[in-house]
Amino acid sequence: MTKPPGRGTAGPPPGRRRGSDGRGRRGSARDAGHGPGAARASGRRAGDSPRPAGGRARTETGAGGASAKRKRRTGAEPRKTSPGSAAARGSAGGGPRGPRSGGPGRRPPGRGPGVRIPFRRRDPLKRLNVMLLAVAFVLSLFAGRLVQLQTIESGVYTEQAIRQRLQKITLPAIRGDITDAQGHPLAMTVEARAVYADPSLIEPARRQPIVNALAPTLGLDPAALMKKISKSGTRFVYLAHGVPPDQARLITSWDFPGIGTLPEYRREYPNDSLAASVIGFVNATGRGAAGLESALDDLLAGQEGWQRVEISPEGQHIPMGEDQKRPSRPGRGVRLTLERDLQFKAQEAIEKQVKKSKAAGGSVIVMDPRTGEMLAMASAPGFDPNDYTASDKERWGSPLVQQAFEPGSTGKVVTAAAVMEKGGITPKTPFTVNDKIKKYDVVFRDSHPHPTKRLTFAGVLATSSNVGTIMASESVTEEQLYRTLRDFGFGEKTGLPLPGETPGLLKPPSQWSGTDRYPIAFGQTVSVNAVQMASVYATIANGGVRVAPTLVAGTVGEDDAFTPAPAPARKRVISEKTARQISDMLEGATTEEGTAPKAQIKGYRVAGKTGTAQIVNPRCGCYDGGGYTASFAGFAPADDPQLVVQVVLQDPKRGSHYGGDAAAPVFKDVMSFALQSEKIPPTGSRPPIVQIHARD
């Protein structure tokens, strides 16, 4: 076996000189075996006995081993030897290795390690396979999740994603117009804007500036507005409706994030307070809240539509996104029987008189007795439906049907109809009338003291005597009187489409006390609303036939096609003869001998009746200190009645509280205008001579 080469030509390590034979030699002191260096090199301490010859040979052999190690470091392939071989032990002659000084197994100090165990790299293919398996496992997890998202649960996540992007927008329906009989708009729909917010786009720091700008502009409560724009879990909330377009443009110009506008419609009342108590108004949510707007809301409002659109995270409409739509259906228009110009005159007259007399309120009704059509329905004080919040809520109603009052002497015509139809009384039936009369333990009086009079029944009606009316009413039974009152419409609603109508008060005879029939005969202890009382005089003017009051002439569709309302109910209440006789008797009330000469209209024959009724004081349930209701109801021309006008004033405090003084002048003013505007000429006939005083 060839001996491995030595160190080669790289030279001896530091501190060793090269010898003449090419081998590295240590310093002379070490070669001679003297000095401390020699002791350290041989592993012996100073003073030890010399090492045997075998040990030297091992040292030389060890130099060759170091050369072999160097070769392995430079790339030479080492020879494989077993740990127990002679070469591994480094013996030159092949003899046994001598014991090492300093104890068994101890390497001499200053020497490098023995044979280095070679570094063996593991097989890279195995590592690659393990890494590929790990990557494959991770990818399989991703693939499984992907399959779950896109196949198994795709519908759920698709629905959630669409729900996040889709926004449902209401498509408002165009509300139908309300017009007068000639088509003039009383309530109309105009273009407007709705202001909305996307709270998710509004940063907390921007909320207060937005509230500071929008609240005063839109008239909103700052706290409520802040709550809306801070709402979590939603991307759409309405802030205001019915905003005028110019105001909406101002808001848009501020460029607030998350604030936008949508087109919609706004209700407008071009005549301000005209007929407000009849028309009513639409509230901020677009629903009718009073009057016809409330009662006919379903008809007028139509049906809203909707549209679902996809909205980007920035709040922009995605043009090619999903778009679902259900168009809105416009409401139907309503044409009334009211006439705008006549309504204006009636309202102007009653507002003026309420202010002049300092009355609590008042009303005027103009009616066509032949058709039952309401031509004017005015009340005061009123309100502006364009700004209804600026008025007291008490004014928002319709006092023409909601306010009940005792008719007083205007109700005496019903007693007259009953006694003439069923009691055998005629206009010339005489009565001896004092200024008071006692029935049981109750004393009833006329409106003012007077000496005993001898009056005809026509005179009793013309002078509005309570005592004379009580005397005449005793010719009929309680049931007959009650039935006549019911036939004229007492105790039941008129049927007009106005909310909150009162039927008034009329108890059946079984609930009357012993003396109730007497005040009922002259218009007290019962109550009516203004339309009910106007209908009584319309029945007499129409020859005894009651035509149910009507306010709606018909409806107008989207194509402007007019659909007339059903004809009102008609019912004969008294005979035409009785109606004619009562009409002639009512003309006597407007003469100088009657109670209402201030109701006369030059050139026209006028029939009518005054009323002055006491108001019940709610504090005591009695009439003391309750005030008065002054009224006048009449028609013209008396011989060919075409118009009925009724005026009611509640608790006038300045001037006279009698109907002939407070209400008759308003009747004259309104009736004169109505006759002219309707182009109704005087009949030219001479009025009948009404016998007031009885002849013995």
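Structure notes:
- Segment 623-696: equivalent-ellipsoid semi-axes (sqrt of 5 x gyration tensor eigenvalues, Cα, Å): 28, 21, 9
- Here the contact order of segment 178-249, divided by its residue count and restricted to Cα pairs under 8 Å and six or more residues apart, works out to 45 percent.
- Distance from segment 454-516 to segment 615-656 (C-alpha centre basis), Å: 16 Å
- Per residue, the average separation of C-alpha pairs within less than 8 Å and at least 6 apart gives segment 522-566 a relative contact order of 21 percent.
- Across segment 167-336, the mean sequence separation of Cα contacts (distance under 8 Å, 6 or more residues apart), normalised by length, yields a relative contact order of 35 percent.
- Cross-link pairs exceeding 24 Å between alpha carbons, from the set LYS422/LYS577; LYS355/LYS507; LYS422/LYS507; LYS355/LYS598: LYS355/LYS507.
- Whole-Å distance, taken between Cα centres, linking segment 178-220 and segment 346-375: 36 Å
- Simple point charges give the picture: +1 on the Cβ of Lys and Arg, -1 on the Cβ of Asp and Glu, and for segment 369-519 a dipole about the Cα centre of about 700 debye.
- Estimated D of segment 167-336 in µm² per second, where Rh is the Kirkwood radius over Cα pairs and Stokes-Einstein applies at 25 °C, 0.890 mPa s: 141 µm²/s
- Using bins of 10 Å that start at zero, the share of Cα-Cα pairs per bin across segment 358-497 amounts to 10, 29, 28, 21, 9, 2, in whole %.
Computed from the coordinates by the stated procedures, all read-outs in this text should not be read as laboratory data. What you are looking at is a predicted structure, and each value in this text was computed from that prediction instead of being measured. With ideal geometry, Cβ positions are generated from the backbone for all residues, glycine too; neighbour counts draw on all protein chains shown.
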